Every structure is written in C-alpha cells, then in structure tokens.
1. Among 216/333; 247/374; 50/347; 185/226, which pairs are too far apart, with a Cα-Cα distance over 27 Å?
2. For the pair residue 189 and residue 126, how long in nm is the line joining their label points, each one 7 Å along Cα→Cβ?
3. Could you tell me what fraction of 2.2 N^0.38 Å the Cα radius of gyration of the chain comes to, as a two-decimal ratio?
4. Using the heavy atoms of the protein chains and a 1.4 angstrom probe, tell me the accessible area per residue for the chain in square angstrom.
5. If the reach is capped at under 17 angstrom between alpha carbons, list the lysines near residue 133, excluding any in the same chain fewer than eight residues apart.
6. Give me a comma-separated list of calculated 3J(HN,Hα) values for the stretch 117-124, in order, Karplus coefficients 6.51, -1.76, 1.60 applied at θ = phi - 60°, integers in Hz, x for any Gly or Pro.
7. Taking the Cα centre of the stretch 237-330 as origin, work out the dipole magnitude from +1 charges on Lys and Arg Cβ and -1 charges on Asp and Glu Cβ, in debye rounded to 20.
8. Heavy atoms only, probe 1.4 Å: what % of the accessible area of the chain goes to carbon and sulfur, would you let me know?
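The values are calculated or read from the model by the stated rules, or taken from the named source; none is laboratory data. Quick caveat, the model's predicted, so the values are computed rather than measured. Cβ sites come from the backbone with ideal geometry, for glycine too, and all protein chains shown count toward neighbours. Note: areas computed on protein heavy atoms with side chains; ligands, DNA, RNA excluded. Shrake-Rupley method; radii C 1.70, N 1.55, O 1.52, S 1.80 Å.
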Amino acid sequence: MGTKTSGEAGQRQGNAGPGRFGFVIHPLGMEDVVRFEPRAANKREALVSKVLEWTPAYEVSHITGIRSTLGATADGWFIGCPYFPNQFVTLTREAVYGKIIAACRIAEEQGAGIVGLGAFTSVVGDAGQTVSKNVGIAVTTGSSYTIATAIEGALEASRRMGSSPEDSHVAVIGATGSIGSTCAKMLSRMVGGLTLVAPNLSRLRRVAEAVLQYSKRVVSVTRDIKEALSRADIVISASSSTGGIIKASYLKPGSVVCDVALPHDVCREVAEIRPDVLVIEGGLVSVPGKVSFDFDFGYPPGIALACMSETMILALEKRYENYSMGRGIDIEKVLEISELARKHGFKLAGFRSFERPITDEEIAEKRERADSAKKKVMISYG
Ligand SMILES: NC(=O)c1ccc[n+]([C@@H]2O[C@H](COP(=O)([O-])OP(=O)(O)OC[C@H]3O[C@@H](n4cnc5c(N)ncnc54)[C@H](OP(=O)(O)O)[C@@H]3O)[C@@H](O)[C@H]2O)c1
C-alpha cells in the first residue's frame with residue numbers, strides 16, 4: 001500500500017462529522033500493566049512479559065470529547081500493542097512489526113483516517129515507513145509536535161530557573177534520532193552552545209554537519225553522557241534506551257532536563273538526591289474540549305502526550321496523510337503542527353516532574369538550592 005493522501009481516506013470517511021484517529025500504545029513497565037490489571041501486581045516481570053508476548057493487539061478504549069476552539073471535533077481509539085520496551089528490541093522484527101501492523105489495522109477497521117505510533121512502536125525499525133506500507137490509512141509518529149513542545153518546555157523551564165537560554169549550553173541526548181536531530185538543528189539558532197550525544201560517532205558527525213549547514217554553528221559531539229551533562233545548563237533527552245541513562249551525579253547544579261524519552265531517561269534517584277535540578281516530563285499537552293480517554297494511562301484528566309496530540313490535530317484537520325515519518329523530521333512540519341495546535345487550542349500543560357505537577361514554589365526552592373550549590377562549587381575552585 002502506497003502513501004495515503006487526505007483525498008483517499010477523506011472520501012472513505014466523508015468530510016462531515018468528527019475526525020477519526022487511532023493511537024497505538026504499549027506498557028512502559030510493570031507499573032503500567034498493574035494500573036490496567038491489578039492482579040498482575042505480585043507476578044514476576046518475566047511471566048508478565050511472556051503473557052504480553054502471547055497477547056494480540058486489541059482495542060483499549062474509545063476516546064471522545066475532543067473539541068477544537070474552532071468547533072471541529074474528533075474521536076479515536078487507543079489500541080494496545082502489548083510488549084514491554086525491551087521486547088520491541090529483542091523479539092524478531094516479524095513478531096514486532098506483525099503486532100504493530102495488526103494494531104494499526106484495528107484502527108483502520110474502526111474507521112480512523114490516521115493512526116499515531118506511540119513510544120517504542122515508532123522507534124523500532126524505520127519509524128513508521130514499513131508500517132505505512134502495510135496499512136490502508138495514514139500514519140504518523142507524532143514526532144513533529146513532540147519536538148515543538150520539548151523545545152518550548154525546556155526553554156520556558158530554564159527561564160523559570162533564572163537562566164537565559166541564549167546564554168545557556170544545551171546537551172541533546174539521542175541527537176542522531178528523529179526527535180533529537182531536529183531538536184538539535186532548531187536549538188542551534190536559539191542557545192549559547194550545543195553538545196550532541198549518542199552512541200554512534202559517525203552518525204553524530206553527520207548531524208553536526210547538518211546543524212552547521214542549517215545555522216552556521218559548530219557544535220560538539222560525544223558518546224560520553226556524563227561528560228556532556230557536566231557542562232549542560234539545559235538537557236533535552238530523547239534516547240531510545242530502555243531507560244535510566246541519566247544518573248544524579250552527572251547533572252550540573254541548576255540544570256534543567258526535559259525528559260522526552262519513554263521510558264524516561266532520567267533515573268528516579270534524581271528526584272530524591274538532586275533538589276537543585278529541575279526535571280520536567282517532555283511533551284505534555286492540554287487537549288481542548290472535554291476529552292475522555294476512558295483509560296488511565298498515568299496522566300491527569302485532559303492531558304495527552306504531544307505525539308497523541310499531533311494525531312488528534314491531524315484528525316481535527318482531516319489531514320489524512322503520512323506526517324512525521326522516518327529519522328529526518330522537517331522543521332517546516334514542526335512549525336506547521338505548532339501553528340495548527342495553536343489554532344485548535346492545544347497548549348503546553350503545566351510542568352510535571354516524576355509523575356506529579358511541580359509548583360512555582362517548588363521551582364523557586366530549586367533555584368535557591370542551585371544558587372547555593374553553585375556558590376559552593378565556586379568556593380571549592382577559588
Ligand atoms: N513524549 C512524547 O510525546 C514522545 C513522542 C514520541 C517519542 N517519544 C520517545 O522519545 C524517544 C526518542 O524517539 P525517536 O523517535 O527520536 O527515536 P529514534 O529515532 O530511534 O532515536 C533514538 C536516539 O537515541 C539514541 N540512543 C539509543 N540508545 C542510547 C543510549 N543508551 N544512550 C544514548 N543514546 C541512545 C539513538 O542513537 P543511534 O542513532 O546510535 O541509534 C538515537 O540517537 C523514545 O524514547 C520515544 O519513545 C516520546
């Protein structure tokens with residue numbers, strides 16, 4: 001099946017009525033499984049993995065109540081693709097693609113015009129391209145709006161910590177990926193300095209070259225996360241690791257980390273032992289209307305991830321075409337989806353840190369702690 005166009009899917013669905021979408025989700029860890037099925041609480045993770053392996057894709061819930069500020073409406077379906085993140089990388093391509101494609105076909109059967117690929121369903125393989133060839137509706141990874149909201153959130157959080165982004169040094173973790181490479185390009189025109197981090201040096205050099213072409217800025221590249229973070233005032237972390245690669249001891253006092261990765265890149269210990277740094281979850285968006293997800297995926301009512309929101313926005317627009325695909329996301333798409341988001345009333349949700357909202361008072365306290373930690377560093381060097 002070739003690339004879908006808005007004409008094709010639009011005709012099937014008709015131009016009147018709500019936009020229709022599907023969004024493919026999967027558990028990021030045992031916590032997600034237990035939230036859905038409390039009886040799994042005392043089971044071993046290895047056993048739960050096996051059960052997930054045997055469970056086919058299925059419809060999780062019907063999402064209703066999305067109403068744009070312009071009056072357009074959309075509804076959709078969460079479709080489960082039950083694997084843990086490590087299963088997406090360790091099981092055969094055939095098994096993994098088979099289940100993702102089956103999930104997308106459920107959305108297609110429900111009448112969706114577009115399907116979004118959540119978390120590792122967009123990371124595996126070629127970021128949506130093979131999936132698109134095997135389903136009859138449009139596909140997006142949601143990366144364009146994720147990039148827009150990660151940059152907006154990280155820069156705003158840094159201002160709230162009393163720094164000016166234009167004087168700050170930024171590290172992008174996962175800088176050779178779909179989200180990281182475009183974040184790197186866009187940030188190179190906004191900040192003081194940039195370090196790109198990923199495991200593969202030759203790919204990193206290619207991204208650095210693309211950044212140079214785009215903004216005439218020379219940026220550093222490294223495979224060493226610890227070294228990069230020791231200099232970074234702002235971190236955008238979007239790796240496809242299976243989590244926990246940013247340790248508490250790596251972070252500079254007063255730094256801001258926008259953790260876009262799912263599962264998260266920042267270790268839980270940072271919440272307890274680094275009160276002087278601000279970690280925010282990237283890409284959280286407030287959805288217009290009275291959205292009901294009919295499913296608890298761990299966020300407060302009315303809040304969705306940016307990748308889900310991108311899929312909803314395209315459904316509201318009835319833009320049933322492949323949108324964010326592959327590892328090179330166009331900056332034009334990031335700008336376009338941000339504009340469409342504004343038009344329909346989607347906006348960045350307040351900051352959340354380690355699964356809970358963070359207040360202005362808590363940020364002010366972190367600023368104070370950061371100031372005294374920086375003073376201590378100056379005294380020990382002076
Ligand atoms: N919050 C949201 O709304 C949202 C939306 C979409 C995606 N996501 C999440 O964002 C993350 C990135 O997605 P993507 O589509 O950009 O993935 P991607 O294109 O596969 O890129 C992943 C990047 O991470 C790097 N990487 C892999 N393992 C690493 C490690 N151990 N340490 C450091 N870097 C590592 C990869 O390097 P190589 O080039 O060497 O492989 C690559 O640079 C994923 O966790 C995904 O689930 C979140």
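1. From the list (216/333; 247/374; 50/347; 185/226), the Cα-Cα distance tops 27 Å for 50/347.
2. Going by the 7 Å Cα→Cβ label model, 3.0 nm.
3. Relative to the 2.2 N^0.38 Å estimate, the chain comes out at 0.97.
4. 44 Å²
5. Qualifying lysines at Cα under 17 Å: 4, 99.
6. Calculated HN-Hα couplings, in order: 9, x, 6, 6, 5, 9, 7, 5 Hz.
7. 120 debye
8. For the chain, the apolar C and S fraction of the accessible surface comes to 52 percent.
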